Amino acid sequence: MKELKDLIVTTLDERKANDIKVVDFENGNPLVDYFVIADAASHRQIKALADHVVDAIEKAGYKIKTVESERESSWILIDAYDVVAHIFLTEDRAHYNLEKLYQDLIK
C-alpha cells in the first residue's frame, strides 16, 4: 500500500501539515502497513487536513474503515485499512509521542 501512503503524505504536504513522519510496519505488523503522523497549529487546521485526506483517499478509489475524532478533537485518526493517518494538534502530538513508540520504524 505504498501508493496510498504516498497519497496521504502528498496531500498533507500540499496542505502544509507540520512534521510529516511515516512509520513503516510493512514487514512486521499484520494489521497495518504504515502510520502517517502529522500535526497542525489549530483545531480548524487539523479538521481541514483530515477532510482533504479523506477526499483524496476516496477520489483515488481507496476505502476508509473509519475516521475517529470528536468535536474540537486534538487528534484525528483516519483508518484506511493498510494505512492509518494520525493528525494532531501540535501541542498534543508531543504529549502522545507516537514517534517515540515506533522510533526504529520511522522513515
Can you name the residue in segment 70-82 that is part of a strand (DSSP E or B) and not aliphatic (A, V, I, L, M) and, of all such residues, is most open to solvent (accessible area, probe 1.4 Å)? W75
The correct count of residues that are surrounded by 18 or more Cβ atoms within 10 Å (Cβ to Cβ) and either touching a Cys at 6+ places or on another chain (Cβ under 7 Å) or without any contact (Cβ under 8 Å) to a residue 60 or more places away in the chain (or both) in segment 18-53 is 11
Quick check, is V67 free of Cβ contacts under 8 Å to residues at least 24 places away in the same chain and either surrounded by 12 or more Cβ atoms within 10 Å (Cβ to Cβ) or under 16 Å from E91 (Cα atoms) (or both)? yes
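Of these, A94, A38, A56, A85, which one is outside any loop (DSSP other than H, G, I, E, B) and out of contact with any Leu (no Cβ under 9 Å at 6 or more places or on another chain)? Give the derivation first.
Working: A38 fails: out of contact with any Leu (no Cβ under 9 Å at 6 or more places or on another chain); A56 fails: out of contact with any Leu (no Cβ under 9 Å at 6 or more places or on another chain); A85 fails: out of contact with any Leu (no Cβ under 9 Å at 6 or more places or on another chain).
Of A94, A38, A56, A85, the one residue that is outside any loop (DSSP other than H, G, I, E, B) and out of contact with any Leu (no Cβ under 9 Å at 6 or more places or on another chain) is A94.
Answer yes or no: is there a residue in segment 6-13 that is of a type in the set (S, T, N, Q) and under 16 Å from V53 (Cα atoms).
Step one: filter segment 6-13 for residues of a type in the set (S, T, N, Q), giving 10-11.
Now narrow it down to the ones that are under 16 Å from V53 (Cα atoms): 10-11.
For segment 6-13, residues of a type in the set (S, T, N, Q) and under 16 Å from V53 (Cα atoms): present.
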Restricted to segment 1-17, and to residues that are open to solvent by less than 40 Å² (accessible area, probe 1.4 Å) and in contact with a helix residue (DSSP H, G or I) (Cβ under 9 Å, 6 or more places away or on another chain), which residue is farthest from L89 (Cα to Cα)? L4
The lone exception for G61 - which of (1) free of Cβ contacts under 8 Å to residues at least 12 places away in the same chain; (2) of a type in the set (G, A, S); (3) in a helix (DSSP H, G or I) it fails: (3)
Right, I8: under 14 Å from A56 (Cβ atoms) and either at pLDDT 95 or above or hydroxyl-bearing (S, T, Y) (or both) or not? yes
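The values are calculated or read from the model by the stated rules, or taken from the named source; none is laboratory data. Remember, predicted model here, so these are calculated numbers, not experimental data. Heads up, the Cβs are rebuilt from the backbone with ideal geometry, glycines too, and the neighbour counts pull from every protein chain shown. Accessible surface is based on the protein model in full, side chains and every heavy atom, while ligands, DNA and RNA are left aside. Shrake-Rupley method; radii C 1.70, N 1.55, O 1.52, S 1.80 Å.
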